[in-house]
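The structure under discussion appears below in the form of structure tokens.
The values are calculated or read from the model by the stated rules, or taken from the named source; none is laboratory data. None of these values were measured; they are calculated from a predicted model. Cβ placement follows ideal geometry from the backbone for every residue including glycine, while neighbour counts extend to all protein chains displayed. Please note that ligands, DNA and RNA were not included when accessible areas were found on the heavy atoms of the full protein model with its side chains. Shrake-Rupley method; radii C 1.70, N 1.55, O 1.52, S 1.80 Å.
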Amino acid sequence: MTPLLQVEGLSKSYGAHLGCKDVNFTLWPGEVMGIVGESGSGKSTLLNCLAGHLAPDAGRVILDTRDKGPRDTVAMSEAERRWLARTDWAFVHQNPRDGLRMNVSAGGNVGERLMAVGARHYGDIRAQASDWLARVEIDAARVDDRPRAFSGGMQQRLQIARNLVTGPRLVFMDEPTGGLDVSVQARLLDLLRGLVRRLGLSAVIVTHDLAVVRLLADRLMVMKDGHVVEDGLTDQVLDDPQHAYTQLLVSSVLQA
Amino acid sequence: MSDYNFAYLDEATKRMLRRAILKAVAIPGYQVPFSSREMPMPYGWGTGGVQVTAACLVPEDTLKVIDQGADDTTNAVSIRKFFARVAGVATTEATAEASIIQTRHRIPETPLSEGQILVFQVPIPEPLRFLEPRETETRTMHALEDYGLMQVRLYEDIARHGEIARAYAYPVRVQGRYVMDPSPIPKFDNPKLNMSPALQLFGAGRECRIYALPPFTHVESLDFEDYPFQPSKAADQACAICEAADSYLDEVITDDTGGRMFVCSDTDYCAARVAARQGDAA
Amino acid sequence: MIEIAGVGKQFVLHNQGGAVLPVMTGASLSVGAGECVALVGASGAGKSTLMRMIWGNYRCEEGSINVAGTELCRAAPRVVLELRRSTLGYVSQFLRVIPRIPTRQIVAEPLLAQGIDEDAALAKAEGLLERLNLPQRLWSLSPTTFSGGEQQRVNIARGFIQDWPVMLLDEPTASLDAANRAVVLDLILEAKARGAAILGIFHDADARAAVCDREVDVTGFTPTKEAA
């Protein structure tokens, strides 16, 4: 089996300020990896480098692309990278407003990626958009409503549908349950788990919520001050943390 | 004539403009930035078109200027007079006699021919502008042919109105590459852009952009397979004056009790048809 | 099916002055197919620690843990994940689930993860829940609000829905009434009969006697004070 994503020596700094340093990992098809750490630990920098939003200073991000096999997304042209961003991977933002077009209908939001890769049949695009709304538990009758009329949880589900419509194999998520009520979080987590399982998706999820990673992630990477201090199976890292920082992190969680 | 440099602009400025025009011709549909000058008229009155026209004019040219198809509206008359004064060129209202036609919001009904130049006045050159506000991003989108968003706009029209509701400034794809705003011409005129024997130049003064369609360029209006482009016009009737059924019509309110008539927006075309008919009658 | 040799474990508490707690040394045992082995020993002797090292949520740094031919000591996450998907089942004392997910869905989860048809998986889940006498009205509710005994039965149903070749049982009969305890013991015997290798912790001596072939006393794996 070919790894879906191989990250080698990835580093990024902002002038004198360190973003992330010498990150290495391999993600296999179907795996969900969580990245935890406090604000400023470099987890979002890392995610943005992986997704091509930021250019790393050093390192390689080798993605097993659908059409051309393993390719270094850091070294490829912006045009190629954007194409992959519409086909092979997806990015779910913490704030749905960053990931949705708020003045475009739900159907248009979902259909955009299809149209960006060449779909030109309105009926087909609309049918696929409706199908995806149903899959993320949004009433298909709301296909023409704009996202600003949706609740926060619906907006986040719409963002997920918009990202998954072109069948990416890898999903990057930045605090996907961040701004949501606890009850809405649960529904979204269940939806994500079901989609990951049914579609065989791989995912990299950045969060500071250890409960979320325990329920969603197979593997966990712990970051502090731009460095990966520990990684392993999610329940192993949480139940038997090895590094001082991880031990502190795990012991600091309030037990509900 | 001695009061002004030929065609108002200094020679260095015309050289800058011609370079931009040449580049635009070389890359059909691509918006070339240029250093727009202050012109003796306000932005929105055709400063971009006037600069492009000034850069193209030679003393032998015959100039026609139309506004919404008409030769006799304020904008058209003042620009025509302007060039008559600063360039001393001949002017005409007959499409076929003009070597350069500056236009606002129309393409003449009379088919253009090789050797003619059509200069469009453009208010907002960027077809992606109202979808994506960042210029850096729209430029990147053009560079990478990332045009999904443009299609989203058409999708939204169908979802909302049951059809692509844009009646003017209908976006086109040039030679299968750049998506271009054809300026606010009615979509009825879009087919005339395609494979035109004339050189078509677009000038946006406030936005500092020039773009071009060289003669015989393939220009395709964006659409969906199941909602194909329709170059329709609002009124499906004939002109009340010349009875033309194939020209673009303006609605004219004739009184305050709801009376109205539809007449050709292209005054030269309409007048020529009327004259021909009277000639036949006589 | 389970081969453990020379396994040791210590915790380093970095936030408590780097205190080192040795909790296990020289642990060795083996469980064959169709066999049920009980871990015994006083509370705190390391029964649960050993179980967790086999499951993989405690890291194994010393010795060898081999389950169905797969070495788990220092194994990569994907090796452990694949083993958990296909071979190794675990009935823990804790129910960790996403809130608001219906019970039948939770029980069917291991089958769904294998890509088994949803209707078939749910039917099998309902069969098990029925057998464990969980009232039908609870099936469509989330177990987060259930009583301890009800949650335990959900856990057991999820643990037994798949025919795992190797199973770890952590107090499977705790907090169950006699009738349900009998059902669980039957499930264990059935698993043994189809050849599953089972390692368990049973505080209930009668239960232990009913299903276990052997006992392994983990007291022998506890580090002596001198070693510490």
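Which percent, to the nearest 5, of DSSP beta bridges fully inside chain B are antiparallel? Show your work: numbers first, answer last.
Numbers: 21 of 37 bridges.
Expressed as a percentage, antiparallel bridges in chain B total about 55.
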query = Which three semi-axes in whole Å describe the equivalent ellipsoid of segment A:60-193, each the square root of 5 times a Cα gyration tensor eigenvalue, listed largest first?
reply = 25, 19, 12
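What number comes out for accessible area per residue over segment B:28-135 if the probe is 1.4 Å? Units Å², please. Intermediate results must be reported in sequence, preceding the final value.
On the way: 4190 Å² over 108 residues.
I get 39 Å² per residue for segment B:28-135.
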remark   = Per the helix-only model, the protein assembly as shown has a calculated mean residue ellipticity at 222 nm (DSSP H runs of ≥4, -39500 (n - 2.57) each, divided over all residues, rounded to the nearest 500) of -10000 deg cm²/dmol
inquiry  = What Kirkwood Rh does segment B:147-282 have if only Cα atoms enter the pairwise 1/r average? Answer in Å.
reply    = 17.2
Kirkwood-based shape ratio for segment B:54-124, expressed as Rg/Rh from alpha carbons = 0.92
ask   = Per residue, how many Å² of accessible area does segment B:233-282 show with a 1.4 Å probe?
value = 62
inquiry  = Strictly greater than 35 Å: what percent of every Cα pair in the protein assembly as shown meets that?
reply    = 60
request  = Just the Kirkwood number for chain B, please: inverse of mean 1/r across all distinct Cα pairs, in Å, one decimal.
outcome  = 19.7
inquiry  = Please compute the average number of Cβ atoms from other chains found within 10 Å of each residue's Cβ in peptide C:73-85.
reply    = 4
request  = With only Lys, Arg, Asp and Glu charged, each at its Cβ (+1 for the first two, -1 for the last two), find how big the charge dipole of segment B:130-180 is about the Cα centre; round to the nearest 20 debye.
outcome  = 120
Lys, Arg +1 and Asp, Glu -1 on Cβ, resulting dipole of segment B:233-282 about Cα centre, debye, nearest 20 = 120
Mean Cα-pair separation over length for segment A:106-175, i.e. relative contact order, pairs under 8 Å, 6 or more apart, % = 43
task = Quantify, in whole percent, the carbon and sulfur part of the accessible surface of chain C (1.4 Å probe; protein heavy atoms only).
result = 50
message = I need to check one value: relative contact order of chain A, counting alpha carbon pairs closer than 8 Å and at least 6 residues apart, in percent.
response = 25
message = Once you keep just the Cα pairs under 8 angstrom separated by 6 or more residues, what percentage relative contact order results for segment B:1-124?
response = 27
inquiry  = Could you sort A:Lys68, B:Lys192 by their accessible area in this structure, using a 1.4 Å probe and putting the largest first?
reply    = A:Lys68, B:Lys192
message = As a test question: what accessible area, to the nearest 10 Å², does A:Phe150 have when a 1.4 Å probe is rolled over all protein chains in place?
response = 10
remark   = One quarter of the C-alpha convex hull surface, i.e. the mean projected area of segment B:233-282 in nm², amounts to 3.9
Kirkwood hydrodynamic radius of chain C, Cα pairs, Å = 18.4
note = Whole-percent tail of the Cα-Cα distance distribution for chain A, cut at 24 Å, equals 47
query = Roughly how big is the C-A contact, given as buried accessible area in Å² (both sides, 1.4 Å probe, nearest 100)?
reply = 2400
remark   = Rounded to the angstrom and largest first, Cα extents along the principal axes for segment A:1-146 equal 49, 35, 27
message = Tell me the angle of helix C:77-86 to the major Cα principal axis of chain C, expressed in degrees between 0 and 90 and rounded to the nearest ten.
response = 40
inquiry  = Out of the total accessible area of segment A:102-167 (probe 1.4 Å, heavy atoms of protein only), what percent is carbon and sulfur?
reply    = 46
Shape box of segment A:21-103 [Cα atoms, principal axes, largest first, Å] = 36, 32, 28
remark   = One computes Rg over Rh for segment C:67-177 from alpha-carbon atoms, with the Kirkwood Rh, and obtains 0.98
ask   = Stokes-Einstein D for segment C:113-228 at 37 °C, 0.692 mPa s, Kirkwood Rh over Cα pairs, in µm²/s?
value = 207
task = Using a 1.4 Å probe over the heavy atoms of the protein chains, calculate the carbon and sulfur portion of the accessible area of segment B:233-282 as a whole percent.
result = 51
key: Share of Cα-Cα pairs in segment C:46-88 lying beyond 12 Å, as whole percent   = 54
ask   = What are the semi-axes of the equivalent ellipsoid of segment B:99-196, taken as the square roots of 5 times the eigenvalues of the Cα gyration tensor, listed largest first and rounded to whole Å?
value = 25, 17, 12
query = When N counts the residues of segment C:122-161, how does its alpha-carbon radius of gyration compare numerically with 2.2 N^0.38 Å, as a ratio?
reply = 1.01
key: Cα coordinate range in segment A:102-167, projected on the principal axes (Å, largest first)   = 31, 21, 18
request  = Specify which residue in the list C:Ala125, C:Ala113, C:Pro102 is farthest towards the positive end of the charge dipole of segment C:96-141, using unit charges on the beta carbon of Lys, Arg (+1) and Asp, Glu (-1), about the Cα centre.
outcome  = C:Pro102
ask   = Considering chain C as a Gaussian network with a 10 Å cut-off on Cα pairs, which listed residue, C:Ile106, C:Ile54, C:Ile198, attains the greatest mean-square fluctuation?
value = C:Ile106
For chain C, built as a Gaussian network whose Cα springs stay under 10 Å, the top-fluctuating residue of C:Arg137, C:Arg158, C:Arg59 = C:Arg137
inquiry  = To the nearest hundred square angstrom, how large is the accessible surface buried between B and A, total for both chains, probe 1.4 angstrom?
reply    = 1900
